[in-house]
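Below: one structure, written as structure tokens.
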Amino acid sequence: MPPVPRHLSFSFLALAALASASCSPSPELREWTPADHGQEPQAQPNPQQAQAQPRPAASGSAVAALYRMSCASCHGTTGAGDGPHEPEGVALADFRDANWQASQTDEALGMVIRAGRDDPDHAFGERLGEAGVRALVQHVRAFAAAP
């Protein structure tokens, strides 16, 4: 019998090993749990209880960050209209003023956020989407309630 080429013998051994591995029982699959990584299991949230809890303060929320990035450079971090890039010769509204707040509807505020007042560079509707516009309207409203 002629000698078997070396590359064929390695192929045969690899094939035999693969066949024997596929015959062994596979481990039972199960769902991952926190205990798999040494984490303590946490209680499942109760939707009714979550609704009863107060919302986090606006200063720690994503909308506050959105305001700081998109609005505060002109309107100021406190909403006083005194940001470092306040347009020259233009008096911006003081969002903290209760009279100003009463004179504005949510729809009017949303329209200004979406389309800008007189400058299309300050139109944020396409960048923020409707949910972002509504969140900013509520954030502007919160300046009046701030101490």
With Arg96, Arg30, Arg55 as the choices, which residue is of a type in the set (D, E, K, R), modelled with pLDDT of 65 or more and surrounded by fewer than 13 Cβ atoms within 10 Å (Cβ to Cβ)?
Arg30
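Among the listed residues Gly89, Gly125, which satisfies the condition of being under 26 Å from the mean Cα position of the chain (by Cα) and small (Gly, Ala, Ser)?
Residue meeting the stated conditions: Gly125.
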Here the residues within region 65-84 that are closer than 20 Å to Arg134 by Cβ and buried (at least 16 other Cβ atoms within 10 Å of the Cβ) are Leu66, Tyr67, Ser70, Cys71, Ala72, His75, Gly79
Hey, can you tell me all the residues within region 70-82 that are over 25 Å from the mean Cα position of the chain (by Cα) and closer than 19 Å to Ala123 by Cα?
Gly81
Just checking, does region 85-93 include any residue being under 19 Å from Ala145 (Cβ atoms), surrounded by 13 or more Cβ atoms within 10 Å (Cβ to Cβ) and of a type in the set (Asp, Glu)?
no
Give all pairs with beta carbons closer than 8 Å in which a residue from region 89-117 that is at positive phi meets a residue that is surrounded by fewer than 17 Cβ atoms within 10 Å (Cβ to Cβ) and not in a helix (DSSP H, G or I); count only pairs at least 6 apart in sequence or on separate chains.
Gly116/Ala123
Residue list for region 102-147, filter: touching a Lys or Arg at 6+ places or on another chain (Cβ under 9 Å), surrounded by fewer than 15 Cβ atoms within 10 Å (Cβ to Cβ) and either part of a loop (DSSP other than H, G, I, E, B) or aromatic (Phe, Trp, Tyr) (or both):
Ala146
If you check Ala93 against the conditions, is it assigned to a loop (DSSP other than H, G, I, E, B) and aliphatic (A, V, I, L, M)?
yes
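The values are calculated or read from the model by the stated rules, or taken from the named source; none is laboratory data. Values in this document were obtained by computation on a predicted structure and should not be read as measured data. Glycine also receives a Cβ, built like all others from the backbone with ideal geometry; neighbour counts cover every protein chain displayed.
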